[in-house]
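Here the structure comes first, spelled out in structure tokens, and everything after it is commentary.
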Amino acid sequence: MSINKKRRSTGRVTLADVAQLAGVGSMTVSRALRTPEQVSDKLREKIEEAVSQLGYLPNQAASSLASASSNTIAMIVPSLSEAGCAEMFAGLQKVLQPAGYQIMLAESQHRIEREEKLLETLLSYNLAAAILLSVEHSANVRQWLDNLTIPVLEIGALTDSPIDMNIGIDYVEAMFQLTRTVIARGYQNIGMLCANQEQWIFQQHLQGWRKAMLKAHMSPHRVINAAEPASFSTGAQQLPEFLLAWPEIDALVCVSDDLACGALYECQRRRIKVPDDLAVVGFGNADVSKVCQPPLTTIAIPHKEIGIRAAQALLARINDEEWEEVMIASSLCKRESC
């Protein structure tokens, strides 16, 4: 018996195509694939041969919709290159994958309207849970998630108004501690360099910075928020802007290690001594912060631990067990740049 391997309507081989080639009913094929012990060996081999010949792949969306339970968890991130995204995902996978759950990952590209569209699509699946690497959402998204009966986890940073579960670090406190460290070293004319990032992260960084500066009776006005991504080149390009606007500057607090390292490279090019002429600190404790010259004072964010702790809480919630909402502590890494 011959059969066209693909249907024009969907572009994929269906369960009915397998049934036609095997000469059995669709329900028999479904039973053989889901519970092979319920069909005879001869029939199962015949169906497996048809599956192999046609290259059939089960429709997971349909299977999910047909099932009362699900092993699929949707996760939306602003960007796959977002600081700590890969580490948090690895932490989540370390706990959730052995428990039988698969994560369906999508990228919103830092656009709230794209997050809304992605979530509208993902919620058509029978999900076990939803994870968001953001705490800033549209009104529609908040309403949809408020009405869900599945767990919703906002991961990475703490927020005052979580939708449901919220596990991460306090960016306000982390930036406060970093800025206070710079102040404690005796620097008087301190600037802050920001770049294109999630608006809520920028606001939390800014809040921590202002809190530390005002507590020390210093002006928090020396701030540049670049439209470009937080990269080496952005840090190098923005340092001259600081020196032009505020030539008295003696310390620079950067919201990422990449920005800080870019500023360090520009200091070397201009023969500015760090930390004697200008102290530079970063945020994140990236690998480059340990090997740049001089090594960078920064804040360490335990991204993988956040993923692990969040997954453990999420798994407990899915299983209707008690779970603990925790704040993960950041830590200061004092090095030679300040």
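What the table shows:
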{"item": "Peptides ranked, highest mean first, by Cβ atoms within 10 Å: ranges 203-212, 142-151", "result": "203-212, 142-151"}
{"item": "Spatially proximal lysines relative to residue 273 (Cα-Cα < 24 Å; intrachain offsets below 8 disregarded)", "result": "290, 334"}
{"item": "Loop trypsin sites (Lys or Arg not before Pro), region 233-338, which have at most 14 other Cβ atoms in a 10 Å radius of their Cβ (DSSP)", "result": "270, 271, 273, 334"}
{"item": "Length added when fully stretched, residue 48-residue 268, from 0.36 nm per residue minus Cα-Cα", "result": "72.7 nm"}
{"item": "Share, in percent, of DSSP beta bridges within the chain that are antiparallel, nearest 5", "result": "10 percent"}
{"item": "Set of aspartates and glutamates with alpha-carbon distance to residue 211 below 18 Å, sequence-local pairs under 8 removed", "result": "160, 170, 173"}
{"item": "Where the chain is the region considered: accessible area per residue in Å², 1.4 Å probe", "result": "50 Å²"}
{"item": "Debye intensity ratio in log₁₀ form over the Cα atoms of region 217-338, taken at each q of 0.15, 0.17, 0.18, 0.21 Å⁻¹", "result": "-0.70, -0.83, -0.89, -1.11"}
{"item": "Sulfur and carbon atoms: percent of accessible area, the chain [1.4 Å]", "result": "48 percent"}
{"item": "For region 160-179 versus region 273-293, the gap between their alpha-carbon centres in whole angstrom", "result": "24 Å"}
{"item": "Cross-link partners of residue 94 among lysines (Cα-Cα below 19 Å; sequence separation of 8 or more within a chain)", "result": "304"}
{"item": "DSSP-loop GluC sites (Glu not before Pro) across region 196-280, with at most 13 other Cβ within 10 angstrom", "result": "248"}
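The values are calculated or read from the model by the stated rules, or taken from the named source; none is laboratory data. Owing to the predicted nature of the structure, the values given are computational and were not obtained by experimental measurement. Cβ sites come from the backbone with ideal geometry, for glycine too, and all protein chains shown count toward neighbours. Heads up: the accessible areas ignore ligands, DNA and RNA and are worked out on the full protein's heavy atoms, side chains in. Shrake-Rupley method; radii C 1.70, N 1.55, O 1.52, S 1.80 Å.
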